[in-house]
Amino acid sequence: MLLEKPEPSLWIERYGDYLYNYAVYRVSKEETARDLVQDTFLGALKSLESFRGEANEKTWLTSILKRKIIDYYRKASNRLEVSSDDQKMAPSYDHFFNAEDENKEGHWKDETGPAEWNVNATGLESREFVKILTACIGKLPEKWAAVFNLKLFEEQETDIICKDLKLSTSNYWVIMHRARLQLRECLEKNWFAKP
């Protein structure tokens, strides 16, 4: 069963806020999110003739936006070659792990291991949490944010991310590890109460 034909004159009213929130959550920059939504509407207008009506407008527009976000990260990765100076300036997370004790090397130090977060489902779904998470992702180096967002929000396969962002597999895992640690630290500081 085919759905109704799209109504471009109503897109902003019907889907503008949804698409903007979707984009800002993934790119962590309001101006970039606005540009991506605008590009989505322009792209949809250009491909209006190819709309087959197998999905509703919102789903169709969201799929266009997803492709725009992935393209944004691909282009950004070309500008974000990590120099050795950048790597020296990147935050070190060695203080979280044991290096002295050969039997515990690579394991969390007792005082820095993940704490129990006092969380309930409604807290995680709140707008305030999303705002803080978005701000924390926005504090990541741009390439880290790209890798993290593509993997967790866009659910891209690791090998695709590596190919698109021109990363080695080991570099990908280092970036994901460091991004998660930095996000953990940011969320503990700004959202979760330590017991």
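General observations
- Helices (runs of 4 or more DSSP H) within segment 1-110 that include 3 or more residues modelled with pLDDT of 85 or more and farther than 23 Å from L152 by Cβ: 11-27, 30-46
- Filtering segment 157-180 to residues that are buried (at least 16 other Cβ atoms within 10 Å of the Cβ) and either closer than 18 Å to L133 by Cβ or in contact (Cβ under 8 Å) with a residue 12 or more places away in the chain (or both) leaves I161, D164, L165, L167, Y172, I175, M176, R178, A179.
- The residues of segment 148-195 that are in a helix (DSSP H, G or I) and within 12 Å of the chain's Cα centre (by Cα), listed by number, are F148, N149, L150, K151, L152, M176, A179, R180, L183.
- Only one of the listed residues (R34, R14, R26) is surrounded by 19 or more Cβ atoms within 10 Å (Cβ to Cβ), in the same structural domain as R67 (by TED's automatic domain parsing) and either of a type in the set (D, E, K, R) or in contact with a His (Cβ under 6 Å, 6 or more places away or on another chain) (or both). That residue is R26.
- Some residue of segment 134-147 being crowded, with 17+ Cβ neighbours inside 10 Å, part of a helix (DSSP H, G or I), charged (D, E, K, R) and modelled with pLDDT under 90: yes
- R74 fulfils the conditions (1) loosely packed, with under 14 Cβ neighbours inside 10 Å; (2) closer than 22 Å to I161 by Cα except for a single criterion, (1).
The values are calculated or read from the model by the stated rules, or taken from the named source; none is laboratory data. None of these values were measured; they are calculated from a predicted model. Glycine gets a Cβ as well: all are built from the backbone with ideal geometry, and neighbour counts include every protein chain shown.
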